[in-house]
1. Output the residue which, of all residues in region 249-271 that are in contact (Cβ under 8 Å) with a residue 40 or more places away in the chain and among the polar types (S, T, N, Q), is farthest from Gly238 (Cα to Cα).
2. Quick one: what pairs do we get from region 204-222, first residue under 10 Å from Arg239 (Cα atoms) and not assigned by TED's automatic domain parsing to the domain that holds Leu165, second modelled with pLDDT of 95 or more and of a type in the set (D, E, K, R), C-beta under 9 Å, 6+ apart or different chains?
3. Quick check: anything in region 63-83 assigned to a helix (DSSP H, G or I) and either of a type in the set (A, V, I, L, M, F, W, C) or assigned by TED's automatic domain parsing to the domain that holds Thr9 (or both)?
4. Search region 114-163 for residues being hydrophobic (A, V, I, L, M, F, W, C) and assigned to a loop (DSSP other than H, G, I, E, B), and hand back the single one that is nearest to Glu198 (Cα to Cα).
5. Confirm whether Val102 is of a type in the set (A, V, I, L, M), in contact with a strand residue (DSSP E or B) (Cβ under 7 Å, 6 or more places away or on another chain) and over 17 Å from Ser245 (Cβ atoms).
6. Testing Asp132 on (1) more than 21 Å from the chain's Cα centre (by Cα); (2) within 14 Å of Tyr263 (Cα to Cα), one condition comes back false. Which one is that?
7. What are the residues in region 166-183 that are within 28 Å of the chain's Cα centre (by Cα) and either of a type in the set (Lys, Arg) or surrounded by fewer than 20 Cβ atoms within 10 Å (Cβ to Cβ) (or both), if any?
Amino acid sequence: MKINPALLTDEIIDLAIREDVGEGDHTSLACIPRGATGRMRLLVKQVGVIAGVEVAERIFRKLDGSVAVERLIADGARVKPGDVVFYVTGNAASLLQAERLVLNFMQRLSGIATQTAIYAAALDGLKAKVIDTRKTTPGMRVLEKMAVALGGGSNHRMGLHDMILIKDNHVDFSGGVEQAIKNVHAYLTKTGLALPVEVEVRSLADVEKVLALGGVDRIMLDNFSLQNTKAAVALICGRYEVEASGGITLATLRQYAECGVDYISVGALTHQIKSLDLSLKAAER
């Protein structure tokens, strides 16, 4: 079954609401007069790229369909301290129920988008694209990959279901890179599936084996030095897409891109980020 991003996003939000609100926000129910209304604003406190505005709107609508959101800044926009992303007006208790959920999503997603924008900027003028990995928060992948795209990066596979990626352990358990590729093609023929195939290689010798056998769409160079990356790109000579991966940092990103690879996968886009500082506070009408 194919992943439906909109449906999965709704399920993620439903789970977050059940986790946080449970049987009811007793503090707001106790403190706020029934029927009281209010207005809040989402305030930016750090330079970055905003992400999660549409998610926030879904949260408000799920908790209270009568809440009105006035969006001032869209997802993917660069923001600075003092910017107001949106105003939201409605039942005060509903706004307070949504407050932490909105911030939890938006701060993390904006942190991912902000970090991705830094990596993407380092590749300016080169053909290589920075892409994410499966190193995401369990249950949050569809949103975190959305944030990567908003930050100017590209998405790798969503999961194990939408691409064949033969990694080192697959190679070892299969008895070698050539046998792994043969096994994959036998599987695709048997099942009738039409999936892109990528293979991870650990040496120039592995590259030569893959080139001799063929049958892949992309070759991933795992933990290659700069010198070997250049040599591998020359060997492949445009016959397949080339992805560099493993141990590549912001400091070395552009050097690897200059070797001529098409993609550079960076797990740090999603698993080593700092959330963007945002606040959601009561605002004057």
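The values are calculated or read from the model by the stated rules, or taken from the named source; none is laboratory data. A quick note: this is a predicted structure, and the numbers were derived from the prediction, not measured. Note: ideal-geometry Cβ built from the backbone for every residue, glycine included; neighbour counts use all protein chains shown.
1. In this case the residue turns out to be Thr270.
2. none
3. yes
4. Among those residues, the one meeting the criterion is Met163.
5. yes
6. (1)
7. Matches in region 166-183: Lys167, Asp168, Asn169, His170.
So that you can scan it fast, the table gives a plain yes or no per residue for (1) under 21 Å from Gly151 (Cβ atoms); (2) within 18 Å of the chain's Cα centre (by Cα):
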residue	(1), (2)
Leu7	no, yes
Val47	yes, no
Phe60	no, no
Glu70	no, no
Tyr87	no, no
Asn91	no, no
Arg100	no, no
Leu109	yes, yes
Ala113	yes, yes
